[in-house]
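Laboratory data are not the source of any read-out in this text; all were calculated from the coordinates shown. Just so we're clear, the structure is a prediction, and the values are computed from it rather than from any experiment. Neighbour counts run over all protein chains shown; Cβ positions are idealised from the backbone, glycine included.
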Amino acid sequence: MKISTSVGVWIASLATLAIMSFVYKDNPFYRLVENLYVGVSAGHAIALGWGNIRDLGYTPMVKKGQWSLLIPIALGILLYTRYYKPVAWVSRIPIAFMMGIGTGLAISGTVGSQIVNQVKANFIALNTFSNFVIVLGTFGVLSYFFFLLEHKGPVGVVPRFGRYVMMVAFGAAFGSTVMGRMSLFIGRLQVILGDWLGVLGR
């Protein structure tokens with residue numbers, strides 16, 4: 001057993017223990033690290049924003065003559081008019097641009113990934129058992145949301161199967177989430193027991 005002498009490892013390990021202490025109850029150590037995390041995240045966001053202004057705005061304009069970048073820069077500056085009441089309405093212009101662009105990108109991405117690709121994924125040959133289950137499960141789930149006919153008797157067999165398929169899918173998604181959180185927890189334990197305390201062999 002050899003305890004690490006690295007300052008970074010000590011900070012990471014003590015911060016991890018402080019965060020995990022919330023499992024017992026709220027305490028000053030947890031609140032300290034929580035506030036520290038928020039502060040570091042805010043500082044990182046400010047530094048990243050300044051880097052974007054320098055690299056994507058100032059440098060291309062001054063060194064490459066791309067003066068058309070003044071338009072998005074001006075729109076960004078107009079966002080701050082919201083803090084001055086006489087001209088606060090001006091901030092709606094860049095907000096409208098952002099909402100319009102965001103909506104367009106979201107719609108195009110959603111149509112492509114959740115509609116077109118989903119439909120294409122079901123045009124498969126029914127030559128294997130897994131392909132047959134995929135197609136049958138898809139039709140079962142779709143029929144579950146088809147409310148023109150009441151789901152009773154023979155008509156309700158396929159929708160009932162679709163409900164079971166959704167239950168399995170939700171269970172698999174939940175299990176994947178739990179396993180992802182457990183892998184993060186195991187990673188932090190490896191830092192504490194391995195990198196910090198040297199209990200685990202490398």
Using θ = phi - 60° and the Karplus curve 6.51 cos²θ - 1.76 cosθ + 1.60, what whole-Hz ³J(HN,Hα) does each residue of segment 122-138 get, with Gly and Pro shown as x?
8, 8, 10, 6, 8, 9, 10, 5, 5, 4, 5, 5, 4, 5, 5, x, 4
With a 10 Å Cβ neighbour count serving as the proxy for reagent exposure, in which order, fewest first, do LEU184, LEU75, LEU189 appear?
LEU184, LEU189, LEU75
Let me have the relative contact order for the chain, percent, based on Cα pairs under 8 Å that are six or more residues apart.
25 percent
Taking other Cβ within 10 Å of each residue's Cβ, how do PHE139, PHE170 sort, fewest first?
PHE170, PHE139
Identify all aspartates and glutamates with a Cα-Cα distance to LYS63 below 14 Å; exclude those on the same chain that are fewer than 8 residues away in sequence.
ASP55
How big is the charge dipole of the chain about its Cα centre, in debye rounded to the nearest 20, if each Lys and Arg gets +1 on its Cβ and each Asp and Glu gets -1 on its Cβ?
180 debye
What does the C-alpha gyration tensor say about the overall shape of the chain? Classify as rounded when a/c is under 1.5, otherwise prolate if a/b is larger than b/c, or oblate.
oblate
Show me, for segment 139-144, the HN-Hα J-couplings you get by feeding each phi into the Karplus relation (A = 6.51, B = -1.76, C = 1.60, θ = phi - 60°), rounded to Hz, glycine and proline as x.
5, x, 5, 5, 5, 5
Qualifying lysines (Cα of each under 26 Å from Cα of LYS152; at least 8 residues distant if same chain):
none
Cβ-based exposure ranking for HIS151, HIS44, in which fewest neighbours within 10 Å come first:
HIS44, HIS151
